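Shown next, in structure tokens, is the structure this report addresses.
The values are calculated or read from the model by the stated rules, or taken from the named source; none is laboratory data. These numbers come from a predicted model, not from an experiment. Positions of Cβ are backbone-derived with ideal geometry, glycine not excepted, and every protein chain shown enters the neighbour counts.
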């Protein structure tokens with residue numbers, strides 16, 4: 001049992017976890033159930049430091065944040081309705097359901113490219129945890145996995161990183177996987193919402209910088 005949750009909350013969370021596993025278990029793009037498990041663990045760590053008093057909402061949103069994502073599901077509206085029906089079926093309070101959707105509908109990187117989305121303290125924690133899993137050693141592995149899954153070129157020195165992208169431009173495969181580090185991943189550390197996440201991100205940032213330095217040296221035959 002997760003410490004700090006009531007018996008009812010734990011039962012509801014168990015159903016949420018099972019639902020997320022069923023929806024994401026076959027993903028091969030780096031957004032699988034292992035990803036949401038890591039995000040939930042990171043979110044819980046940050047919540048224990050930040051103490052928002054919204055632990056159930058934090059954990060629920062962490063597990064559910066990808067199940068209605070438009071880059072993963074063919075019909076996001078239908079996925080949204082299906083999830084809402086399940087949350088109501090599990091007798092989760094309407095206020096909590098609203099809070100969960102307010103997080104997972106607005107937290108993604110792409111949805112914040114053109115307009116900054118305001119998140120609750122609980123939402124900021126889940127967003128930080130999700131972004132944390134996009135950087136460091138795990139982030140390197142996921143970026144390469146995602147690039148391969150979407151037929152993206154690994155690296156081309158003739159293609160420069162893109163700047164100030166729209167959501168549509170961000171989702172295209174025109175860039176390279178290595179450029180993705182400069183377009184997004186290296187920017188994440190300074191975009192973290194919470195002090196706890198900013199501190200945790202420092203080591204992951206160093207790992208990515210070391211990787212990119214070694215990659216360029218090996219690419220150029222210098223190492």
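Looking only at segment 105-123, filter to residues that are at pLDDT 95 or above and buried (at least 21 other Cβ atoms within 10 Å of the Cβ); which one of those is farthest from residue 165 (Cα to Cα)? Selected residue: 122. Given the criteria touching a residue at least 40 places away in the same chain (Cβ under 8 Å) and under 30 Å from residue 149 (Cα atoms), does residue 17 qualify? Criteria met by residue 17.
Scanning segment 148-158 for residues that are modelled with pLDDT of 95 or more and within 22 Å of the chain's Cα centre (by Cα) returns a single hit, 154. In this entry, residue 10 passes the filter for residues that are more than 24 Å from residue 144 (Cβ to Cβ) and either free of Cβ contacts under 8 Å to residues at least 40 places away in the same chain or touching a helix residue (DSSP H, G or I) at 6+ places or on another chain (Cβ under 8 Å) (or both). Within segment 52-98, being under 24 Å from residue 41 (Cα atoms), part of a loop (DSSP other than H, G, I, E, B) and over 21 Å from the mean Cα position of the chain (by Cα) holds for 53, 90, 92, 93. Filtered by the rule that a residue be out of contact with any helix residue (DSSP H, G or I) (no Cβ under 6 Å at 6 or more places or on another chain) and buried (at least 16 other Cβ atoms within 10 Å of the Cβ), segment 20-33 gives 23, 27, 31.
Mind checking whether some residue in segment 141-157 is over 28 Å from residue 203 (Cβ atoms) and in contact with a strand residue (DSSP E or B) (Cβ under 7 Å, 6 or more places away or on another chain)? Taking every residue of segment 141-157 in turn, at least one turns out to be over 28 Å from residue 203 (Cβ atoms) and in contact with a strand residue (DSSP E or B) (Cβ under 7 Å, 6 or more places away or on another chain). Here residue 127 fulfils each of the conditions (1) over 18 Å from residue 43 (Cβ atoms); (2) in a helix (DSSP H, G or I) apart from (1). Among all positions in segment 159-177, there is at least one residue which is within 18 Å of the chain's Cα centre (by Cα), free of Cβ contacts under 8 Å to residues at least 40 places away in the same chain and outside any loop (DSSP other than H, G, I, E, B).
Being assigned to a loop (DSSP other than H, G, I, E, B) and within 14 Å of the chain's Cα centre (by Cα) is the filter; apply it to segment 99-124 and report the residue that is nearest to residue 43 (Cα to Cα). Explain how you work it out, then say what you get.
Applying the first criterion (assigned to a loop (DSSP other than H, G, I, E, B)) to segment 99-124 yields 105-109, 113-120.
Then keep just the ones that are within 14 Å of the chain's Cα centre (by Cα); that gives 105-109.
Numbers: 105: 17, 106: 17, 107: 13, 108: 15, 109: 17 Å.
By that ranking, first place goes to 107.
Does segment 86-104 contain any residue that is under 20 Å from residue 195 (Cβ atoms) and crowded, with 16+ Cβ neighbours inside 10 Å? Checked segment 86-104: at least one residue is under 20 Å from residue 195 (Cβ atoms) and crowded, with 16+ Cβ neighbours inside 10 Å.
Taking (1) surrounded by 20 or more Cβ atoms within 10 Å (Cβ to Cβ); (2) under 22 Å from residue 146 (Cβ atoms); (3) modelled with pLDDT of 95 or more in turn, residue 47 satisfies each apart from (2). Residue pairs whose Cβ atoms lie under 7 Å apart, sitting 6 or more positions apart in sequence or on different chains, and linking a residue in segment 122-151 that is without any contact (Cβ under 8 Å) to a residue 60 or more places away in the chain to a partner that is outside any helix (DSSP H, G or I) and surrounded by fewer than 17 Cβ atoms within 10 Å (Cβ to Cβ), are 147/154; 151/173.
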